[in-house]
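Read-outs throughout are calculated quantities, based only on the coordinates presented, and are distinct from any laboratory measurement. Every value quoted in this text rests on a predicted model; they were computed, and no experiment measured them. Positions of Cβ are generated from backbone atoms using ideal geometry, with glycine treated the same way; all protein chains shown enter the neighbour counts.
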Amino acid sequence: HQLFGAEVSAYRYNGHVFPGIMITSGLIKELQDFQFTPDDIIVASYPKAGTTWVQEIVYMLTHDCLPSDHTSPVLETRFPYLEYPYPGWRSLAGQEGRRWVKTHLPLHLLPHSFTQCGPKLIYISRNPRDTAVSYYYFMQLLTQCSYKGTFSQFIHMFVNDVCMYSPFFSHVLGYWNNRHQPNILFITYEQLHHNPKKVIKEIADFLEISVSPDDIESIRTCTSFTNMTHNTSVNYQHWKEWGFAHKDKGNFLRKGEVGNWKSHLNEEQVLMFEEWEQKHLKNTDLKFIYEE
Ligand code: A3P
């Protein structure tokens, strides 16, 4: 469909929206046969939930808590994005041993081998209002999207479930309802923001990695918003050089706040979100955190 000025082709597969530009319609189906191994580690999310942040934490935890820097390969090479052609499933399929996999696929569209092999998966969720705001800026930043509509138009698309990987609630609830599976850890951006050390320890325990308080402190510091902003291995600044991102439309690591929606949504828009959220949350015990 048209994203108000951006020529982005998209299609629905099993109820979810996918970008036709990179993820061709046959691919999601083909990916059902992708082979995970029990040793793989997956970070899954709806876009803009804090995926990159968790990826870097997981990467450090599994690499002696050593930080990446400008000499390290960029994150998308170390931690490929499963359903993307580059460096995605193709490079993953050729890798031996443990693989670090990022995906935005909803749980029911993960490769079948996820259920068979049970690799560990960490799902990060973020309140829908901050997610929508972050998504709005991201769609302007990406050259392939170059979103030119208004903020109001964007959030209407968001709550109408036409943004890539939507429906938002079906995505989050799919993982939430399965969070007690032993190989799934469900965390939130807000918890990570509020108490990074606690969540880093939770992730370490889940991955069965023993860490000292110093290790945790080091991971917290290296993965702080400020430090990640300056780390070219994780800040996606190279996308600007490669023509994937506009040079004058902000940065991938943009604000890094909880509650940034408050300076974007007017009263009427907050009501729209509240109604939408209540409708989808009424039969669940999932609760979002909206402010610090
Ligand atoms: P904002 O646009 O609100 O700043 P994803 O990695 O899933 O695309 O999510 C990107 C969002 O996570 C962006 O949100 C980005 O700034 C934020 N983020 C990334 N690293 C972060 C960090 N270390 N601390 C806080 N927020 C971070």
Take the chain, connect every pair of alpha-carbon atoms lying under 10 Å apart with a spring to form a Gaussian network, then pick out the residue of D215, D161, D248 with the largest mean-square fluctuation. D248
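Compute the signed sum of charges (Lys and Arg +1, Asp and Glu -1) over the other residues within less than 14 Å, Cβ to Cβ, of F18.
Net charge in that neighbourhood comes out at -1.
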Rounded to the nearest Å, the spacing of the alpha-carbon centers of the stretch 38-97 and the stretch 163-193 is 18
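Taking the Cα centre of the stretch 153-292 as origin and charging only Cβ (+1 Lys, Arg; -1 Asp, Glu), how large is the dipole, in debye to the nearest 20?
It comes to approximately 280 debye.
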Evaluate the charge dipole of the stretch 2-281 about its Cα centre and quote only its size in Debye, nearest 20, assuming +1 on the Cβ of each Lys and Arg and -1 on the Cβ of each Asp and Glu. 340
Over the chain, what portion of Cα pair distances is larger than 28 Å, expressed as a whole percent? 35
Residue-wise HN-Hα coupling along the stretch 156-172, computed from phi with Karplus coefficients 6.51, -1.76, 1.60 (Hz; x: Gly, Pro): 5, 5, 4, 6, 8, 6, 10, 6, 4, 6, 5, x, 4, 5, 5, 5, 5
Rounded to the nearest 5, what is the percent of antiparallel bridges among the DSSP beta bridges in the chain? 30
What relative contact order, as a whole-number percentage, does the stretch 2-281 give when Cα pairs under 8 Å and 6 or more residues apart are counted? 25
Name the long-range amide H neighbours of Y81: under 5 Å, sequence gap of 5 or more, or other chain; modelled H, no Pro or chain starts. G88, K102
Descending packing, highest mean Cβ count within 10 Å first, for 37-47, 147-157 is 37-47, 147-157
Which GluC sites (Glu not before Pro) from the stretch 162-225 combine a DSSP loop assignment with at most 13 other Cβ atoms within 10 Å? E208
Provide the gained length on full extension for the span R220 to R12, in nm with one decimal, where the gain is 0.36 nm per separating residue minus the Cα-Cα distance. 71.1 nm
Over the stretch 22-130, what is the mean sequence separation of C-alpha contacts under 8 Å (at least six apart), divided by residue count, expressed as relative contact order in percent? 49
Projecting each Cα onto the charge dipole of the chain (Lys/Arg +1, Asp/Glu -1 at the beta carbon, about the Cα centre), which of H280, S218, C145 comes out farthest on the positive side? C145
Quick one: which residues, 5 or more positions from A10 or on another chain, have an amide H under 5 Å from its amide H? H modelled 1.01 Å from N in the peptide plane, none for Pro or chain starts. G20
Return the distance in nm (one decimal) between the two label points of a simple spin-label model at K287 and Q191, each offset 7 Å from Cα along Cα→Cβ. 1.4
Non-local residues with an amide H under 5 Å from the amide H of I42, with H modelled 1.01 Å from N and Pro and chain starts lacking one, are V101, K120, L121, I122
Can you give the calculated 222 nm mean residue ellipticity of the chain, where each DSSP H run of n ≥ 4 adds -39,500 (n - 2.57) and the sum is split over every residue, rounded to the nearest 500 deg cm²/dmol? -11000 deg cm²/dmol
Among the chymotrypsin sites (Phe, Trp or Tyr not before Pro) within the stretch 194-279, which fall in a DSSP loop and have no more than 12 other Cβ atoms within 10 Å of their own Cβ? none
Extension reserve of the S152-C117 stretch, reckoned as 0.36 nm per residue once the Cα distance is removed: 8.3 nm
